[in-house]
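*Asks:* Sharing a structure with you now.
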Amino acid sequence: MNSIIKEQGPVLEQTQALRNQLMEILTDADLSYSPGGESPTLGALCREMGEVQQAYITSFQTFEQDFGYRVEDPELERSVERLAAWFQALDGELRAVLESLSEEDIQNRVIDRGGGFVLPPLIQLHIYREALLIFYGKASVYLKALGKTLSEQWQSWIA
C-alpha cells in the first residue's frame, strides 16, 4: 500500500460517500431540475462532475491534466441508476490508478496542469477532493430547492 492510499484513502472514501448519498435521495425526475437562468440541470451538473473525475484519473495515469474529456451519452444525466453506476466505476478506476503509483511517482513526479502549473500527485489529489466539495456545494442549492432531506454527514460537511 503506497503512502497516498494509506494516508489519504480514508478521507477520499468519506468524501466520495457524499456523492453516493446524493444518488440515494435523487429520482430521475430530480435530474431535470434547474434553478433557472443559465444554470445546468442537476443531471448535467452530475455529468460534469464525472467528467472532471475522469480528467483527474487520467492525470494520475499520464501526469498531465486535460479537462477535454466529454461523455457522449445524453441519457446519463437523466438516470440516477446510470449515474450511480458510472460514479462507482470512476471511483474504482481512481482507486486503482492511485494504488498503482509507486513511491517514486508520489515523491518525485509532478502532474502538469498546463501553463507552467505543476503539482505533485498528493496535491493533485487534494485539488480533486476540493472539486468534489465544490460540486457538493453547488448540488446543495439544487437539493434545498427540491426540498430534499440531507444526510447527517452532508449536513455536517456541506450544508
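Throughout, read-outs are computed from the coordinates displayed, never taken from laboratory work. Predicted, not measured: the structure shown is a model, and the values here were computed from it. Glycine gets a Cβ as well: all are built from the backbone with ideal geometry, and neighbour counts include every protein chain shown.
*Asks:* Run through every distinct alpha carbon pair of the chain and return the Kirkwood hydrodynamic radius in angstroms, one decimal place. Don't jump to the answer; show the numbers that get you there.
*Replies:* Values: mean 1/r = 0.0608 Å⁻¹.
That comes to 16.4 Å for the chain.
*Asks:* How far is it, in nm, from the label point at Thr27 to the one at His126 when both lie 7 Å from their Cα along the line to the Cβ?
*Replies:* The modelled label-to-label distance comes out at 4.2 nm.
*Asks:* Step through the residues of segment 128-142 one at a time and calculate ³J(HN,Hα) from phi using the Karplus curve (6.51 cos²θ - 1.76 cosθ + 1.60, θ = phi - 60°), rounding each to whole Hz and writing x for Gly and Pro.
*Replies:* 4, 4, 5, 4, 4, 5, 4, 4, 5, x, 5, 4, 4, 4, 5
*Asks:* Most exposed first by the Cβ proxy, i.e. fewest other Cβ within 10 Å, how do Tyr142, Tyr33 rank?
*Replies:* By the 10 Å Cβ count, ascending, the order reads Tyr33, Tyr142.
*Asks:* Would you calculate the separation in nanometres between label points at Glu48 and Ser156, each defined as 7 Å from the Cα along the Cα-to-beta-carbon direction?
*Replies:* Taking the two extended label points, one gets 3.0 nm.
*Asks:* When the dipole is taken about the Cα centre of segment 3-157, and only Lys, Arg (+1) and Asp, Glu (-1) are charged at their Cβ, what size is it in debye, to the nearest 20?
*Replies:* Computed about the Cα centre, the dipole is about 440 debye.
*Asks:* Here's something else I'd like to know. Over segment 1-68, consider all pairs of different Cα atoms and compute the Kirkwood hydrodynamic radius from their mean reciprocal separation; express it in Å, one decimal. Mind showing how you got there, number by number?
*Replies:* Values: mean 1/r = 0.0704 Å⁻¹.
The answer is 14.2 Å.
*Asks:* Still on this structure: Under the 0.36 nm per residue contour assumption, what length would be gained going from the current alpha-carbon distance of Thr149 and Val118 to full extension? The partial results should precede the final answer.
*Replies:* Details: separation 31, 0.36 × 31 = 11.16 nm, distance 3.99 nm.
Length gained, Thr149 through Val118: 7.2 nm.
*Asks:* Roughly how tilted is helix 80-100, in degrees to the nearest 10 and between 0 and 90, from the longest Cα axis of the chain?
*Replies:* 10
*Asks:* Here's something else I'd like to know. Using r as the Cβ-Cβ distance of Asn20 and Glu104, and R0 as 25 Å, what FRET efficiency do you calculate, to the nearest 0.05?
*Replies:* Given R0 = 25 Å and the Cβ-Cβ separation, E is 0.15.
*Asks:* Taking the dipole about the Cα centre of segment 3-157, with the C-beta of Lys and Arg at +1 and of Asp and Glu at -1, give me whichever of Cys46, Trp86, Leu122 is farthest to the positive side.
*Replies:* Cys46
*Asks:* Now, a different point. Using a 10 Å cut-off around each Cβ, can you sort Val52, Val110 from fewest to most neighbouring Cβ atoms? Spell out each step's value before the answer.
*Replies:* Details: Val52 18, Val110 14.
In increasing order of surrounding Cβ atoms, one gets Val110, Val52.
*Asks:* How big is the dipole moment of segment 23-75 about its Cα centre under a simple scheme where the beta carbon of each Lys and Arg is +1, that of each Asp and Glu is -1, and everything else is neutral? Debye, nearest 20, please. Please report the intermediate quantities before stating the final value.
*Replies:* Values: 2 positive and 11 negative charges, 25 e Å.
Dipole of segment 23-75, to the nearest 20 debye: 120 debye.
*Asks:* Treating only the Cα positions of segment 74-134 as identical point scatterers, give the base-10 log of I(q)/I(0) from the Debye formula at each q in 0.29 Å⁻¹.
*Replies:* Those come out to -1.19, one per q.
*Asks:* Per-residue counts of other Cβ atoms within 10 Å, averaged by peptide: what ranking do you get for 68-78, 148-158, highest first? Spell out each step's value before the answer.
*Replies:* On the way: 68-78: 12.2, 148-158: 14.1.
Output ranking for 68-78, 148-158: 148-158, 68-78.
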